[in-house]
Amino acid sequence: MNAHVKLSRRALLKGGAATAGAFTLGFSIPFTEAQAQAATPEINAWVVIQPDDRIIVRIARSEMGQGTLTGLAQLVAEELEADWAKVGWEYPTPGENLKRNRVWRNFSTGGSRGIRESHQYVREGGAAARMMLVEAAARNWNVPVSECRAAKSIVTHAPSGRTASYGSLAAAAAKLEPPKDLKLKPSSEWTIVGKSVKRLDTVDKLNGKQVYGADIRLPGMLNAAIKACPVFGGKIASFDAAKITGMPGVKKVVQVNPHTVAVVADTWWQAKTALDALPIVWDEGPNARASSDTIAAMLREGLDAEQAFEGNKAGDAKGAIASAARKIEATYSYPFQNHACMEPMNATALWTAEKCEVWCPTQNGEAALAAAIEASGHPAARCDVHKVHLGGGFGRRGRSDYVTQAVLIAKQMPGIPIKLLWSREEDMLQGTYHPITMARMVGGLDKDGNLVGLHMRISGQSILAGVNPQALQNGRDPVVFQGLNPGGAEGPFGYGIPNLLIDHAMRNPHVPPGFWRGVNLNQNAIYVECFMDELAHAAGVDPLEFRRRLMKNAPKHLAVLEAVAKGIGWGAPSAPGTAKGLAQIMGFGSYVAAAAEVSVSNSGAIKVHRIVAATNPGHVVNPDQVAAQVEGSFVYGLSAAFHQECTVKGGRIVEENFDSYPAMRIDEMPKVESILVPSGDFWGGVGEPTIAVAAPAVMNAIFAATGKRVRSLPLKNADLRRA
Amino acid sequence: MARLNVNGRMMDIDAPPGTPLLWALREQAGLTGTKYGCGIAQCGACTVHIDGEAVRACSLPIEAVGPNQKIVTIEGLSEDVSHPIQKAWLQLDVPQCGYCQSGMIMAAAALLAKKPKPTDADIDEAMTNICRCGTYNRVRAGIKLAAGL
Ligand code: FES
Ligand code: FES
């Protein structure tokens, strides 16, 4: 770690101790002061080994609960032949990455990419370090490298029985040339990867010691509360700072940008209290006329529009449907949703004439650094971002809007660290929302009930158009077709349908979209899998059997579907009052399926009793953490399916907190059985894919239980009372 | 100025009487283990014990807490992560992001203190905290493990 960072870290620890008395405070838990001072040379960018044999693995991706930190450390430790009990970790800063020619490569943590896109180079980092340690031992003993081997953090010279610990070899190893030819272990020889080792970051989450962004305290720090115009696209007409400047603790009222104002005070509670009392007049602009109804009308128009971007095409879908014996048609819709991370958005910034430093939870350290550089006006070399664990991310913390805000506020108060924390209400109103879409599904069945043509017309919002328009391909957003593509890691469509057309009429309302755990796979899986169910029932064929007939050329898709069907007892009679449904999809590099067992009471209350999930992610690094992701993704997906919808009135989001935007709680939680069927021939993600199959499996089970087909979410709006 | 008994220590809190206990704990007492999630008693991230009862600190002004009432926060639950709930949580790797877990653990500890052998229905009723990461099944398993069920 560079000296600058070490210095500020020490200052922090000291400052924390001085101002906080006996309380546990401070920052950057993974480093102790001793570690920072020891300045142990690294073996390479990924591995530092201390004289006492402690191993520090550097982790570039962000930990937000998904366990990537532990998984990546397992991959490095495996090739390092490390003693797992001695493995710890630290985050390098994005600034150091920049200075070192991006030696840690991508910091971005989203799209279930943490492991599937870095397994190769992090394992190579571990392997290179191991070879250097072995070579250091061999040189020391004056024996050939080929006679030495490494295991459990010890190098042994077999002929003489001599041994040396990694800690004793590290300094010498660090001076050696890195090896060129690296050979990674075959999966059959793994002893750490593939095992359910315990997470490396649990203890501090049990005693209040884990420092999240919202908990950061720096010497002399002030706190900021913030409010942006609740109507997207609106701005500030005026505000009356004089009304609140005398309130307790208030230090400054700051206009952050044309549409945002912040109050800086001694404590955050003071800042928020004053901000709530600040008279603000908004210039809401033309978007104030938008509502959920106007947006729905905009999307409905797209369902029939001439012009649409093609995503997947085979044969002549429209012709085949027109001449089919039967035509089945249905329209589905999916609402805006907020990520509602448990920890609201926040960032802490210190701006001086010389430098700018930011401490924040981010899913993309490099994007946060870019935001800090731009907002600070300083050159890149004088800015850095110190990452902390995230209190949830789910895609929201891939954006850096809150980092920009914190720096802009800090810039108006040079030399004073400013912690900006959003209220829950601000977090709900200034989201980057799950995109809103509708889909018209039209299928043609021949006289024997075979699906001869399918047209899926998606109408609605493009995430890329909102967050990264440069990535559009001649106006087309390829991400819209997640799970529906002809091929690739982002979801080859599993059904072989002779005449197929999947197209997208892009309709972008003014509400900003964002990547939301599961992204477009969420609605695409609902649209396809619920409609497949409709087609199967129309054809009078069992929904599993109907799918099987179409999946002859998609054995991996079918395998996970068969696994959940077996798990739920498909075909066997259901418990009285319950019914079953299933769904499958491929995305984020993995094949997933779910089967649900639900009951619906006479008054229309839905209970999910059991869900069985099957995942083929190619390789499994930590089975218990994969199971945790499956369980968690179902909570996230079913919270969305049952309860969550951001509606629009007067151009702004209506739902401001968990009272109007509820999340699933423990009493609604079904039993989850997670089946892993890794085929061992690819690397897929696990944080997201299963989220997408939870809702359609439940919705299909609801139909099986009630005969009522729900086609729009959330389910709380559906009337399932028995007549 | 309010006098509060927090984790067995008397503290003078220099904040107006209407300040929520949550913010007095976090900003005056420096005990940041207790979290802010909603501010309206919906999520439970701010759960602490007052005389053994699980209480949502975001919605309780400090003027409503007397100096003789014993407040316990996550930092005071045990010296060394040795409370049965903490040990069970560690064994089952319950936390994901962990942000809700201080509140979850305090709610679970209060439940066990009252009902050493809680039923599923007891757990459903007492554990109304929100976890966006979705750790509910492990929370339930953790409570049962700690209760020896
Ligand atoms: S912060 Fe107190 S219940 Fe949510
Ligand atoms: S562990 Fe992340 S919110 Fe519960």
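Of note:
- Relative contact order (%) - criterion: Cα under 8 Å, at least six apart; region: the stretch B:2-77: 40 percent
- Computed from the C-beta positions of A:LYS175 and A:THR294 and an R0 of 41 Å, the FRET efficiency is 0.05 to the nearest 0.05.
- Straight-line cross-link reach from A:LYS227 at under 20 Å between alpha-carbon atoms covers these lysines, not counting any fewer than eight positions away in the same chain: A:LYS235, A:LYS243, A:LYS251, A:LYS252, A:LYS272, A:LYS411, A:LYS419, A:LYS649.
- Simple label model, 7 Å out from Cα along Cβ direction - A:ARG105 to A:LEU472, nm: 3.1 nm
- Listed residue pairs exceeding 21 Å between alpha carbons, taken from A:LYS447/A:LYS708; B:LYS70/B:LYS114; A:LYS99/A:LYS387; A:LYS86/A:LYS387; A:LYS556/A:LYS607; A:LYS175/A:LYS387: A:LYS447/A:LYS708; A:LYS86/A:LYS387; A:LYS556/A:LYS607; A:LYS175/A:LYS387
- Fewest-first ordering of A:THR362, A:THR352 by other beta carbons within 10 Å of each residue's beta carbon gives A:THR352, A:THR362.
- Bins of 20 Å, starting at 0 and running to the largest distance - Cα pair percent for chain A: 17, 45, 31, 7, 0
- Mean Cβ neighbour count within 10 Å, used as a protection proxy, ranking A:150-163, A:451-464 highest first: A:451-464, A:150-163
- Centre-to-centre, using Cα atoms only, the stretch A:542-612 and the stretch B:1-43 are separated by 48 Å.
- Estimated FRET transfer efficiency when R0 is 56 angstrom, pair A:THR647-A:LYS152 (beta carbons, to 0.05): 0.45
- As a calculated quantity, the FRET efficiency between B:LYS115 and B:ASP14 at R0 = 25 Å, using C-beta atoms, amounts to about 0.05.
- Cα centroid separation - the stretch B:118-149 against the stretch A:643-719, whole Å: 21 Å
- For A:TRP89, the residues 5 or more places off, or on other chains, whose built amide H falls under 5 Å of its own are A:VAL57.
- Number of partner chain Cβ atoms within 10 Å, mean per residue of A:349-355: 0
- Cβ crowding within 10 Å averaged over residues, with A:314-321, A:365-372 ranked highest first: A:365-372, A:314-321
- As a rough footprinting exposure proxy, the listed residues A:LYS99, A:LYS205 were ranked by other beta carbons within 10 Å of their own, and the order from fewest upward is A:LYS99, A:LYS205.
- Calculated from backbone phi, Karplus (6.51, -1.76, 1.60) coupling profile of the stretch B:92-98 in Hz, x at Gly/Pro: 9, 6, 5, x, 9, 5, x
- The peptide list A:630-643, B:98-111, B:57-70, put in order of mean Cβ contacts within 10 Å with the highest first, becomes B:98-111, A:630-643, B:57-70.
- Over the stretch B:84-147, Cα pairs under 8 Å with separation of 6+ residues give a relative contact order of 54 percent.
- Sum of side-chain charges, A:GLU645 neighbourhood, beta-carbon under 15 Å (Lys, Arg +1; Asp, Glu -1): 0
- Take every Cα pair under 8 Å whose residues are at least 6 apart in sequence, average their separation, divide by the length of chain A, and the relative contact order is 14 percent.
- Ranking of A:ARG721, A:ARG610 by count of other Cβ atoms within 10 Å, fewest first: A:ARG721, A:ARG610
- Label-zone membership for the stretch A:200-217, site A:ASP266, 7 angstrom Cα→C-beta point, backbone N under 18 Å: A:217
- Long-range HN-HN contacts of A:HIS609 with modeled amide H, under 5 Å: A:GLU597, A:VAL598, A:SER599
- Averaged over the residues of peptide B:19-25, the number of Cβ atoms from other protein chains lying within 10 Å of each residue's Cβ is 2.
- Each label point was placed 7 Å from the Cα along the Cα-to-Cβ direction; for A:ASP52 and B:LYS87 their separation is 2.6 nm.
The numbers here are math on the coordinates, done by the rules we state, and not lab data. Small disclaimer: the values here were computed from a predicted structure and weren't measured. Positions of Cβ are backbone-derived with ideal geometry, glycine not excepted, and every protein chain shown enters the neighbour counts.
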